[in-house]
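Inspection log for the structure reproduced underneath, given as structure tokens.
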Amino acid sequence: MKLRQILTAPNQLTLLRMIFLPFIVIDVVKQDFKWALVLFVLAGLSDVLDGLLARTLHQQTLLGQYLDPIADKLLMSTMFLVLSIEHMIPWKYTVVVFSRDVSILLISGVLFTIAGLRDFRPSIFGKANTFAQVGAIFFVMLLLVFPIRWIWIARTTFLRATFIFTIVSAIHYALLVQHRLREHGHVPELKN
């Protein structure tokens with residue numbers, strides 16, 4: 001059964017997205033930004049396509065539910081890290097992105113362990129954060145290929161949106177966790 005899950009088209013596309021990652025990093029470090037951008041866009045398209053295929057072919061799997069967000073986080077976190085190391089993104093954005101993702105990962109592990117909670121669907125703020133992060137990486141790399149003012153403006157806008165949505169989505173996630181724990185009887189109600 002596990003092998004059948006791996007062999008579904010959506011999960012194959014997710015694995016392909018993970019395979020793109022080292023080549024994107026190599027191209028960024030070599031300063032071959034055109035190829036890095038092309039591979040990043042292909043990785044993004046594979047993400048859209050795997051979700052579409054999973055729904056239309058009815059190939060949504062438990063493995064895919066875990067693998068897809070892992071591939072997304074791996075891609076985005078690595079890109080922020082590498083672009084900061086290469087001095088193409090200020091560190092404050094990478095620190096905020098990493099802090100949120102590590103916190104969510106740790107909290108999810110704790111919630112699963114103590115309360116058996118497994119439903120960690122992204123909120124509207126989480127989706128907005130992901131969109132902002134993808135846009136930020138895209139425009140950072142596009143600016144390296146085409147140093148045009150409107151691309152610089154888009155890059156700056158998406159980096160600022162990433163900063164804001166990362167913080168807002170982290171706060172929202174913390175409130176959501178508190179609510180879910182209360183529902184499951186793991187956090188006592190505070191009374192005045």
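The values are calculated or read from the model by the stated rules, or taken from the named source; none is laboratory data. Fair warning: this is a prediction, and the values are worked out from it, not measured in the lab. Here the Cβ positions follow ideal geometry from the backbone for every residue, glycine too, while neighbour counts run over all protein chains shown.
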- Task: Can you work out which of the residues in region 106-126 that are at pLDDT 75 or above and among the hydrophobic types (A, V, I, L, M, F, W, C) is surrounded by the most Cβ atoms within 10 Å (Cβ to Cβ)?
- Result: PHE125
- Any chance region 20-33 includes a residue that's part of a helix (DSSP H, G or I), under 18 Å from the mean Cα position of the chain (by Cα), within 20 Å of ILE151 (Cβ to Cβ) and not assigned by TED's automatic domain parsing to the domain that holds ILE151? yes
- Meets criteria (within 15 Å of PHE40 (Cβ to Cβ) and either surrounded by fewer than 18 Cβ atoms within 10 Å (Cβ to Cβ) or at pLDDT 85 or above (or both)) for VAL187: no
- Query: Among the residues of region 33-54, how many are free of Cβ contacts under 8 Å to residues at least 24 places away in the same chain and touching a Pro at 6+ places or on another chain (Cβ under 9 Å)?
  - Reply: 1
- Message: Residue under question is LYS30, and the condition is that it be touching a residue at least 60 places away in the same chain (Cβ under 8 Å), surrounded by fewer than 15 Cβ atoms within 10 Å (Cβ to Cβ) and of a type in the set (Lys, Arg); does it hold?
- Response: no
- Query: For region 35-81, how many residues meet the condition of being over 13 Å from PHE138 (Cβ atoms) and either part of a helix (DSSP H, G or I) or under 12 Å from the mean Cα position of the chain (by Cα) (or both)?
  - Reply: 27
- Say we look at region 74-83 and pick out the residues that are of a type outside the set (Val, Ile, Thr) and crowded, with 16+ Cβ neighbours inside 10 Å; which of these is farthest from LEU105 (Cα to Cα)? LEU83
